[in-house]
Amino acid sequence: MKLIGRTLLVAQLLFLIGPLLLLALTALSAGETLEFPPDGLSLRWMARVFEIESFRASFMTSLLVAVASTVFSLLLGLPAAYAFSRYTVPFGEAIRLFLSSPIIVPGIVVGLALLDFVVVPFALDPIGALLVAHTALLIPYSVRVVGASLAGLRVDIEEAAVLLGSTRLGAFRSVVLPNIQNGVMAAAVLGFITSFNQVPVSLFLTGPGVSTLPIDMLAYVEATFDPSMAALSVMLAVLSLIIVFATERLLGLSKYV
Amino acid sequence: MSSSAYLTIRDLTLSYGASVAVAGLNFEVANGEFVSLLGPSGCGKTTTMRAIAGLLQPSAGRIFLGGEDITRVPPNKRDIGLVFQSYALFPHLSVFDNVAFGLKLKGMRGGELTRLVDEALASVGLTGYAKRLPKELSGGQQQRVALARSIVVRPRLLLLDEPLSNLDARLRVEMRAELGRLQRDLKLTMIYVTHDQSEALALSDRVVVMNKGRIEQVGSPGDIYERPQTAFVAQFMGFENIVTVQAGRACGRDGALSDIAMDVPFTTLAWRPAAVVLGGGPIPGTIRAAAYLGQSIEYLVDTPLGIIKAETPASAGRVSLGSEVRIDLPLEKAASFA
């Protein structure tokens, strides 16, 4: 029985991680095309990634959009999460479901809808459009993740602070925020990664001259079939892994997600 | 408002939609007095306490403290302390910072802050625990921190919400004695919310018994225990055998008049189980159940007046189940009310 269990576990891990390993190997290829097994080993494609001008620009766009939309989604999501956890909100369930809709509705639909009803009517430039879209996409994460850590916090510590002379806002700052900061950090990390890796919604909103990194990569792969794409993918995957691993170690991300 | 009143509750009413949690409450507390709000869960005692603290806004009525109408004063400006049932310590702050919280809000810093916090910790027996986090303390110790945090700011009034209910029996007795000592030393005016008669009787100068959002009786512990004025208070204080009387005869279990004469002007009489005389008397009965309680034995006796609970000293020997007995309900030991 034990042997079967182990075998299944190994098979499962191979299924999950295998493709990434293959990709990592092709990224180290010395050859001219994306192929397996790689045609000799070298770091030339890793280096090549940094020479492609448009990747540098789209990386900066992605970074800006990810950081800004994470901040916006927390600014909007935190008060919502607080309201849900502390008060009986009229139509609370419906509002909660509505706030989750950006992750339930397929990205393609969200992207098209935003394009038709927000971006075009309000004449948003691509950066503005991406910020609006990603903020909306990340709100469900911040509401849920911050909500989970608020749920573990007693309401009466706020009352205790108020009775000792604190204002409501002061109590939030001095006794609520310090106790949910791990949840807020977890929501930020999750939001950043989600935004940074976003494809289907961004696809509709990027315009001439402005693209996010994943969209740029998609365009590149359609035109060119060299291992630089594998190299970039591996670098991004490793970056994500490091962020998630560090967050897990420091904050226990798995408690919230 | 009488001249001795420090806290005055006048016509206090709190309702949520159609349901009324507290209905037209009136009572007063003198300066330095220890008053308990006693009643079963849902009687409105906690709601009343939260309204006094300012955490709930009354639908009607007024609250005066030290002659000032505080009904509309926000809770952070009332100078009223509250010790929560769950302690409500700030989990991210050390014991020292928990206790210092209120003083820091008043702008106190440095040596004076340290001195007052140390003093407060010493007064609850927690010297040497200042650097710990709440989660590193036992329940009893957390309770002491909560107490120290409330008294260090010298509140005008200290409210305690079932503060001992999460402690084990031995600690409870210890903390009870300590609360009494603190109240005397600091001359604090305290309102103690509890559902536990023995706590209320042991600690209070006066007890306010509440039921269903109304006051049943206000009095000294002796008054409440010996002379309950309503059937509810009687039952709550252990007068478990309640008999109604009409036209000089006791009513049976179905409400019909029995042939047992009780020549009293009152309509309701109540007896503690220990006051019931077993083995002789005008009322016939059958032993239905017996429970050995150590010091005594408790019997359930089936009589024409319904089930009567009788308690006899264990030394008096045991009456076997099913035996026919006669019991007496002596009028001089009855609590009586209209």
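See the values below:
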| read-out | value |
| --- | --- |
| Loop-exposed trypsin sites (Lys or Arg not before Pro) per DSSP, neighbour cap 13 Cβ within 10 angstrom, longest uninterrupted part of chain B | B:1-71 |
| Neighbouring partner chain Cβ atoms per residue of A:150-162, average, 10 Å criterion | 5 |
| Cα-based Kirkwood hydrodynamic radius, chain B, one decimal, Å | 22.6 |
| Segments A:100-109, A:220-229, A:195-204 sorted - mean Cβ within 10 Å per residue, highest first | A:195-204, A:220-229, A:100-109 |
| Length-normalised contact order of chain A in % [C-alpha pairs under 8 Å, at least 6 apart] | 31 |
| Cα centroid separation, the stretch B:246-260 to the stretch A:1-61 (Å) | 93 |
| For the stretch B:1-45: rounded, prolate or oblate by the Cα gyration tensor [a/c cutoff 1.5] | oblate |
| Dipole moment magnitude, nearest 20 debye, chain B about Cα centre, only Lys, Arg, Asp, Glu C-beta charged | 1180 |
| Gyration tensor over alpha-carbon atoms, the stretch B:164-247, equivalent ellipsoid semi-axes in Å | 28, 14, 11 |
| Tail weight of P(r) past 23 Å, computed on alpha-carbon pairs of the stretch A:118-257, percent | 53 |
| The stretch A:4-100: relative contact order as a whole-number percent, Cα under 8 Å and 6+ apart | 12 |
| Rg over Rh [alpha-carbon atoms, Kirkwood Rh] for the protein assembly as shown | 1.17 |
| Residue-by-residue Karplus 3J(HN,Hα) for the stretch B:260-272, coefficients 6.51, -1.76, 1.60, Hz, glycine and proline x | 8, 7, 9, 8, 9, x, 7, 9, 9, 10, 9, 10, 6 |
| Nearest-0.05 FRET efficiency for residue A:122 and residue A:239, computed from C-beta distance (R0 30 Å) | 0.35 |
| All lysines inside 24 Å of residue B:45 as judged from Cα atoms, apart from same-chain residues fewer than 8 positions distant | B:77, B:187, B:212 |
| Ratio of the Cα radius of gyration of the stretch A:24-121 to 2.2 N^0.38 Å, where N counts its residues | 1.74 |
| Whole-Å semi-axes of the stretch B:193-338's equivalent ellipsoid (Cα gyration tensor) | 27, 20, 12 |
| For residues of B:74-85, the mean tally of beta carbons on other chains within 10 Å | 4 |
| Label-reachable residues, the stretch B:272-305, where backbone N falls under 13 Å from a point 7 Å from residue B:259's Cα toward its Cβ | B:283-284, B:304 |
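We did not get these values from a lab; they are worked out from the coordinates using the rules stated. From a predicted model like this one, the values you see are computed outputs, not experimental measurements. Cβ atoms come from the backbone with ideal geometry, glycine included; neighbour counts cover every protein chain shown.
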